[in-house]
1. Can you give me the distance in nm between label points at LYS9 and VAL161, each placed 7 Å from the Cα along the Cα-to-Cβ direction?
2. Using the Cα gyration tensor of the stretch 82-189, with a ≥ b ≥ c the square roots of its eigenvalues, what is the shape: rounded (a/c below 1.5), prolate (a/b larger than b/c) or oblate (neither)?
3. Rounded, prolate or oblate: which fits the chain, taking a ≥ b ≥ c as square roots of the Cα gyration tensor eigenvalues, rounded meaning a/c under 1.5, else prolate when a/b beats b/c?
4. I'd like to compare 100-110, 36-46, 5-15: which one has the highest average count of other Cβ atoms within 10 Å, and what's the full order after that?
5. Please give the calculated 222 nm ellipticity per residue for the chain, where each DSSP H segment of at least 4 residues contributes -39500 (n - 2.57) and the sum is spread over every residue; nearest 500 deg cm²/dmol?
Amino acid sequence: MHTVNFLTKLVEHHQVFAYAVIFFGLIIEGEFTLIATGVLAHLGAINFWFALFFVFCGGICKTFLGYYIGRVLSNKWKHTKFLKHIEKKVLTIMPRFNHKPFWSIFVSKFIMGVNHIVIIFAGYEKIPLKKYLKAEISSTIIWAPLLLSLGFFFSYTALGVSNEIWRFLLTVLLLIIGFIIFDRFVAFVYGIFEEFYDNGK
């Protein structure tokens with residue numbers, strides 16, 4: 001029966017692939033990639049500082065790519081019914097986006113599944129690049145180390161449960177599910193706050 005050492009050695013022997021996954025994972029999906037990176041760094045399978053470098057590189061690429069996609073959509077298809085529908089959806093989640101774009105972009109980083117659409121929407125709405133970058137970079141500086149630390153904690157907790165690889169991975173998965181539920185709850189509470197704040201004005 002394999003232990004966690006098997007996973008550690010496997011990743012160690014495929015370092016280039018591991019860092020490539022971290023880089024592209026940050027562009028495609030952020031939260032799970034960061035937590036998994038934290039877990040692997042805690043196990044010693046990857047170098048923490050190298051991983052952090054690729055995390056920020058992937059985050060920066062995602063920041064510029066999303067904004068550029070939004071600008072292209074705005075310039076070519078802004079008045080289509082589909083994009084008008086998406087625009088309404090975004091403004092339902094972030095009703096103060098047009099009045100407080102910095103705050104909306106910043107907060108979206110901490111709500112799973114929202115940041116991707118918000119950074120594209122920032123380009124779509126042609127938010128000034130300087131303000132957009134300030135919000136994205138400042139939130140990433142907090143968000144990335146926070147989720148990496150969460151990965152460290154999940155790995156430490158899972159090792160306390162079992163050193164057997166499948167039990168370890170199952171424990172990590174359950175902790176991630178718990179985190180997702182908590183994140184959804186926080187997003188729900190934030191949505192209520194936004195609604196009451198908007199109605200109170």
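1. That separation, rounded to one decimal, is 2.5 nm.
2. Details: a/c = 3.28, a/b = 2.20, b/c = 1.49.
Prolate, since a/c reaches 1.5 and a/b exceeds b/c.
3. prolate
4. Packing proxy ranking, top to bottom: 36-46, 100-110, 5-15.
5. After summing the helix terms and dividing by residue count, I get -28000 deg cm²/dmol.
Read-outs throughout are calculated quantities, based only on the coordinates presented, and are distinct from any laboratory measurement. Please read these numbers as outputs of a predicted model, since none were measured by experiment. A quick note on method: Cβ atoms are made from the backbone with ideal geometry, for glycine too, and the neighbour counts reach across all protein chains shown.
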